[in-house]
Every structure is written in structure tokens, then in C-alpha cells.
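Report on one structure; see the data block that follows.
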Amino acid sequence: MSQERHSQLGIHPVEPGQAGELLKRQQVVRRTKLVMVVVLLLLAAGSARTVISRIFNANALETGTVERAKQYVKTAPAKTIDAGQTLALPGTLQGYVQSPISARAGGYLKRWYKDIGSRVDKGELLAELDTPEIDQQLTQAVAARAQAASSLDLTKSTVDRWEALRKKDAVSQQELDERRSAFAQAGANLAAADANVERLRQIEGFKRIVAPFAGVITRRNVDVGDLVDPGAGSGGRALFMLAQTDPLRVYVNVPQSSSNLIRAGQKVVVTQAELRSQNFEGKVVRTAASIDTTTRSMQVEIALPNPDGVLLPGAFVQVALPLKPSGALVVSTDVLLFRRDGTQVAAVDANGKVHLKRVQVGRNYGQTAEITDGLSGNEQLILNPSDSVAEGDQVEVAPSVPAAPAKTGADKGKA
């Protein structure tokens, strides 16, 4: 190749002094290419990492979205309870006999012997009255009785004399009959005087106010010197209130739905909030045997022994009435839905789909209720279903979490 051809191609012969410089340039170019390859590899790795991270994040987001979209519910089965239910009702204790003690005689209260809280026996003296008017009336009645007795004696002797004269035909029969009539009238007057004296003596006996039965004085309404009017019905006030505290009475109103399960002689358990861990056993004495049209309930009377006087009349108590099992399905009241179409429950099938079922509710026991129609007995019912639950919704049954064991005193000390 000629020199002109070399000039046209731009290829110049390497001079001996420029060989080292060309070698250095070739090394720089190789290093530059290597760095560029490394950078490109790093960029590719970063891009791949970003893409993979985004794919994983997208999958996690999708999984989380699906997981959060699931509706978790808790379920409870509808089951038949072999044991009977217990019906808890409020009641008020009353003395088996409660009576206001009023005065039959009018006067002033002379003194009283028993105050509130005193236990008295039958016939024990409670108070005395000062009755000067009745005393004077009794004295007058005794004098009138003596006068009637004297008049009777006189008419009797007169009749005896006139009968003797009649035998001698000294007087007429008419006159003898008149004397006999006067004698009979005098006898009637004496009998009336005796009755009046007895009446006033009985009234005077009411000056002593005594207990008609054994019990506890729950109220005293008078004090010494008070004017006492006879009888509480004519505006007079009761002097004392006496209550028999052993046994006690409890009246409860049983709902119509459970009234047919209550029988006389049935045992009940009575509890009082202030007397913790104490149960008192009573017995149903009688029922009203009819339903009150106002409350749709039946009144039940319970006799409750109280030999120690622990229970006080007037206290509020809870009465637990054990009922016989009815054989109906029982569900928690938390599963009931009250809607326009009636009472419903939300059942979950094996695939997690919701099916709304209309049911008929029987007796309501507070936390549970009987279902008389609408369920077969093998359903899983949603507890506390939301108002938005609808037919065909997909739900997940949440696993039951076991309750944590309660810590003892020693465990708390270690903690």
C-alpha cells in the first residue's frame, strides 16, 4: 500500500515514541468499558430488585386487601337443653302477717312499752290509754244496772202479792196481767243494763293495747300524751305497725309465657344483693291462677323461712324459679335480628355463606330465648350480627380464643 493510500485512510504509521501512549489509551478504554459494564450490571440488578420488590409488594397488598375484605364473625349453635331453665324475677319481702295496731277506745296515751325493733309475743302489752270518759260511762252504766235490778225486785214482789190476791179473787185478772207485764219489762231493762255494762267493760279493756300475734314492731306513730281516736277507719291513726318476720312472704309476677310451668309446692331460691353468697330456699305457696290483663303476668306467693331474722321485711330480693325443660331449641338472644320482615337469625353454612332465617321466638329467659319454629337444630348462628348482613354474604368464622387463666394471689405477687 502506498503512502497516498495511507493518507486517504487516515492510518499513520506508529512512531517508536508513541507506542507507550497508545498502550495507555487502550488500557483506559478497557477500564472505561469495564466500569460501564459494572455500572450497567448494577443498574440492571437495581432495576430487577425494584421490579421484584414491587411484585412482592403488589402480591402482599392484594393478599392483605383480600384478607381485610373478609368479614370475620363468631358463631354459636342452636341447641336443645335437657336441663330446665331458671327464671329470675324481682320481688319484695313482706311480713307473713302485717297489721296496724289501732285503739278501739278513745283517750290519751298514758305510756308505751315497746318501740321499733322490739320482738313481742302474742298478748304482750304494748301501751296503755287513759280513758276518763269511758270510766265515767261505765260507772253510770253500773248504777243504771243497779237501778234496773232494784226495779226488778220490786216488780217481782208486787207480782207475787197480786197473784196471792187473785187466788182470793180480790183483784181482777187484768190487773194481775199488768203487774206481770211490768215484771217482764223490768227483767228486760235489767238485761239491757247488763249488756251495756259488759260493752263498756270490754271497751275499757281496750285501754290496754296488746299484740294480736308474735312479731316485730316496725313502726310507732304515737308518744305519751297524744290524743288517740278510736279506730283507724274513722280518721284515727295506727299506734303501732306489727309484722311477723318468720316466715316471710314474697310476691312475684311471672310472665304469661312461663305461668303454666309454676306449681304450688315448687322450691325456689331467694338471694339478696347485700347478703353475698347466701341463698335462702323458699316454696311456692299459691298462685293467682289467672293472668292480669294489664301486665300479662300471674302473681305468685312464696313462703320464705326466716328463723334467724337475717332477712328484713321490705327488702328487695331476686327470686330464681326453676322451670321444667320444654324441649324447644334455645339460642342466645345476641343472635336475634329484628327487622321489617320479623325476627330473623343469620346462619353460616359450611362454605361460609350467610343464610337469613325467619324464626318464631317462644319464652325469653333474658340471655337466652326459645325458638319454636324456623330452625332444625344444627345451624351455626352469628353472634351480634351487623345490621348490614344480607343473604349470601361471604364470611369467615373466627376461631375461638381460650380464656386466659385467672391469676392467683401468688402469681400476682410474683408479677
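The values are calculated or read from the model by the stated rules, or taken from the named source; none is laboratory data. Being a predicted model, the structure only gives us computed values, none of them experimental. FYI the Cβ positions are ideal-geometry reconstructions off the backbone, even for glycines, and counts take in every protein chain you see. When the accessible area is computed, the model is the full protein with side chains, heavy atoms only, and any ligands, DNA or RNA have been set aside. Shrake-Rupley method; radii C 1.70, N 1.55, O 1.52, S 1.80 Å.
A few points about this structure:
- If you plug the beta carbon distance of ARG180 and ALA146 into 1/(1 + (r/R0)^6) with R0 = 35 Å, you get a FRET efficiency near 0.90.
- Label zone (SER99, point 7 Å along Cα-to-C-beta; backbone nitrogen cut-off 16 Å) within the stretch 211-225: 211-219.
- LYS74 accessible area, 1.4 Å probe, all protein chains in place, Å² to nearest 10: 130
- In the chain, taking the dipole from charged Cβ atoms about the Cα centre, the farthest positive-side position among ILE55, ASN189, VAL270 is held by ILE55.
- Annotation: the antiparallel percentage among DSSP beta bridges lying fully within the chain is about 95.
- Positive-end extreme of charge dipole, the stretch 133-257 - chosen from LEU242, ALA141, PRO230 (charges on Cβ): LEU242
- Of all the options ALA44, ALA390, ALA144, the one that moves most in a Gaussian network model of the chain with Cα springs shorter than 10 angstrom is ALA44.
- Relative counts (whole %) of C-alpha pair distances in the stretch 280-344, using bins that are 5 Å wide: 3, 10, 13, 15, 16, 17, 11, 8, 4, 2, 1, 0
- Approximate spin-label separation ARG199-THR158, in nm, with each point projected 7 Å along Cα-to-Cβ: 2.6
- Additional length obtainable on full extension of the chain from HIS355 to ASN57, 0.36 nm per residue less Cα span: 103.7 nm
- Mean ellipticity per residue at 222 nm, deg cm²/dmol - from DSSP H runs of n ≥ 4 across the chain, formula -39500 (n - 2.57): -11500 deg cm²/dmol
- Pairs from LYS283/LYS324; LYS74/LYS353; LYS114/LYS267; LYS122/LYS267; LYS114/LYS283; LYS324/LYS357 whose Cα-Cα separation, in the structure shown, is over 25 Å: LYS114/LYS267; LYS122/LYS267; LYS114/LYS283; LYS324/LYS357
- Calculated on the alpha-carbon coordinates, the convex hull of the stretch 74-179 measures out at 373 cubic angstrom per residue.
- Charge dipole magnitude, Cβ of K and R +1, D and E -1 - the chain, Cα centre, debye nearest 20: 1660
- Cα principal axis extents for the stretch 329-404, largest first, Å: 34, 30, 23
- Remark: spin-label model distance GLU281-GLU396 equals 5.2 nm, labels positioned 7 Å along the Cα→Cβ axis.
- Radius of gyration and maximum dimension Dmax of the chain, Cα, Å: 53.1, 219
- Annotation for SER290 and ASP135: the two label points, set 7 Å from Cα along the Cα-Cβ direction, are 5.2 nm apart.
- log₁₀ of I(q)/I(0) at q = 0.10 Å⁻¹ - the stretch 231-363, Debye sum with one point per alpha carbon: -0.55
- For the stretch 84-199, a simple Cβ point-charge model (Lys and Arg +1, Asp and Glu -1, everything else neutral) yields a dipole of about 160 debye relative to the Cα centre.
- Entry for the stretch 133-232 at q = 0.10, 0.21, 0.25 Å⁻¹: log10 I(q)/I(0) = -0.51, -1.03, -1.21, Debye formula applied to identical alpha-carbon scatterers, no solvent contribution.
- Take the Cβ atoms of ASN364 and ASP308, set R0 to 30 Å, and the FRET efficiency comes out at 0.25.
- Summing Lys and Arg as +1 and Asp and Glu as -1 over all other residues whose Cβ lies under 11 Å from the Cβ of LEU337 gives a net charge of +1.
- Subtracting the Cα-Cα distance of LEU42 and GLU128 from their residue separation scaled by 0.36 nm leaves 19.2 nm.
- Cα gyration tensor shape of the stretch 159-217, rounded if a/c is under 1.5, else prolate or oblate by comparing a/b with b/c: prolate
- Whole-Hz ³J(HN,Hα) from phi, Karplus 6.51 cos²θ - 1.76 cosθ + 1.60, for the stretch 213-230, glycine and proline x: 7, 6, x, 10, 6, 9, 7, 10, 10, 10, 9, 4, x, 5, 7, 10, 8, x
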